[in-house]
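Notes for the one structure printed next.
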Amino acid sequence: MITFKKITKTYNPGKIEVHALKDVDITIEKKEFMTIFGPSGSGKTTFLNIVGCLDVATSGEYLFEGERISDLKPIELSMIRREKIGFIFQTYNLIPVLTAYENVEIAMILSRKRYTKDDIYKTLEDVGIADLADRLPREMSGGQQQRVSIARALVKSPKLILADEPTANLDSENAMSIMEVMKAMNEKYDVTFVFSTHDPLVMEFARRLVKLKDGKIEEDRLK
Ligand code: ADP
Ligand code: MG
């Protein structure tokens, strides 16, 4: 589904250069449940941003479902993001004035796919918060908010869900239950998950573990 060929990302080119990714080669298949791990500054967020078409590589080739991402215009990248990729963030990034239901619905509207109210409720039910549909983010715990953001990522039936340190703001009990929800959704809907973490307990959920160090893949193993 995803192929990186010698993907390099250099911030501040020509000035004080930061080499965030260096000649990264990787292939990610459909249905994978993969973690990208490594110390702070190793390039995890940069990697996920490029996979998610939120940023573009400085050099190298990126193929998403056979399409050369490196050649696309910003508007085409945003269409891929809205229609094909779900995002989960460390700080949930819900819209504070919208309810759980409305936060999920927004993703559906942006994807321009047809939907019914039941589709939204079913997704909230999938992540275990059907009873919280009318709550605002400030009326929910961190774990509950992260479930809303999983529902928001999932509702448009994307090919790929990317999660950048999704459990970093949660206590270990909530972190484990969020990982269990993600894994259950991976199995139920065959959607590929790629998540970053530096928590060994969270890494253990992955079937494939890829370690980044100084912008390079240092280890890539299946469990
Ligand atoms: P991680 O998520 O593993 O902590 P990042 O991908 O955020 O790593 O960062 C990799 C390197 O790139 C770090 O040295 C970081 O300081 C640098 N970096 C990240 N974003 C930018 C940016 N927008 N401009 C300049 N340097 C950046
Ligand atoms: Mg990061």
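Only strands (runs of 3 or more DSSP E) whose full extent lies in the range 16-94 are considered here, and the ones with at least 3 residues that are over 16 Å from the mean Cα position of the chain (by Cα) and more than 16 Å from ligand 2 (Cβ to nearest atom) are 18-28, 59-64. In summary, Glu65 fulfils each of the numbered conditions (1) in contact (Cβ under 8 Å) with a residue 60 or more places away in the chain; (2) surrounded by 15 or more Cβ atoms within 10 Å (Cβ to Cβ); (3) of a type outside the set (Gly, Ala, Ser) with the single exception of condition (2). Pro39 satisfies every condition listed in (1) at pLDDT 95 or above; (2) loosely packed, with under 15 Cβ neighbours inside 10 Å; (3) within 15 Å of ligand 1 (Cβ to nearest atom); (4) not basic (Lys, Arg) except (1). Inspect the range 152-164 for any residue being hydrophobic (A, V, I, L, M, F, W, C), more than 16 Å from ligand 1 (Cβ to nearest atom) and free of Cβ contacts under 8 Å to residues at least 40 places away in the same chain and give the result as yes or no. Looking through the range 152-164, none of the residues is hydrophobic (A, V, I, L, M, F, W, C), more than 16 Å from ligand 1 (Cβ to nearest atom) and free of Cβ contacts under 8 Å to residues at least 40 places away in the same chain. Give the residue that is nearest to Lys122 (Cα to Cα), with candidates limited to residues of the range 204-223 that are surrounded by 20 or more Cβ atoms within 10 Å (Cβ to Cβ) and within 15 Å of ligand 1 (Cβ to nearest atom). Applying the filter and picking the extreme gives Val210.
Does at least one position in the range 87-100 carry a residue that is open to solvent by less than 10 Å² (accessible area, probe 1.4 Å), more than 11 Å from ligand 1 (Cβ to nearest atom) and touching a strand residue (DSSP E or B) at 6+ places or on another chain (Cβ under 6 Å)? Yes, the range 87-100 contains at least one residue that is open to solvent by less than 10 Å² (accessible area, probe 1.4 Å), more than 11 Å from ligand 1 (Cβ to nearest atom) and touching a strand residue (DSSP E or B) at 6+ places or on another chain (Cβ under 6 Å).
With respect to Tyr115, is the statement that it is open to solvent by 70 Å² or more (accessible area, probe 1.4 Å) and farther than 29 Å from Glu218 by Cα true? Working first, answer last.
Values: open to solvent by 70 Å² or more (accessible area, probe 1.4 Å): yes; farther than 29 Å from Glu218 by Cα: yes.
Yes: the conditions hold for Tyr115.
Listed by first and then second residue, the pairs with beta-carbon distance under 8 Å, at least 6 apart or on different chains, first residue in the range 32-48 and acidic (Asp, Glu), second more than 7 Å from ligand 1 (Cβ to nearest atom), are Glu32/Thr192; Glu32/Phe193; Glu32/Val194; Glu32/Arg207; Glu32/Arg208. Total residues in the range 181-203 satisfying the condition of being touching a residue at least 12 places away in the same chain (Cβ under 8 Å), surrounded by fewer than 13 Cβ atoms within 10 Å (Cβ to Cβ) and among the charged types (D, E, K, R): the figure is 2.
The values are calculated or read from the model by the stated rules, or taken from the named source; none is laboratory data. Worth saying up front: this structure is predicted, and the values here are computed from it rather than measured. Backbone-built Cβ (ideal geometry, glycine too); neighbour counts: all protein chains shown. Just the protein is used for accessible areas: all its heavy atoms, side chains included, with ligands, DNA and RNA removed. Shrake-Rupley method; radii C 1.70, N 1.55, O 1.52, S 1.80 Å.
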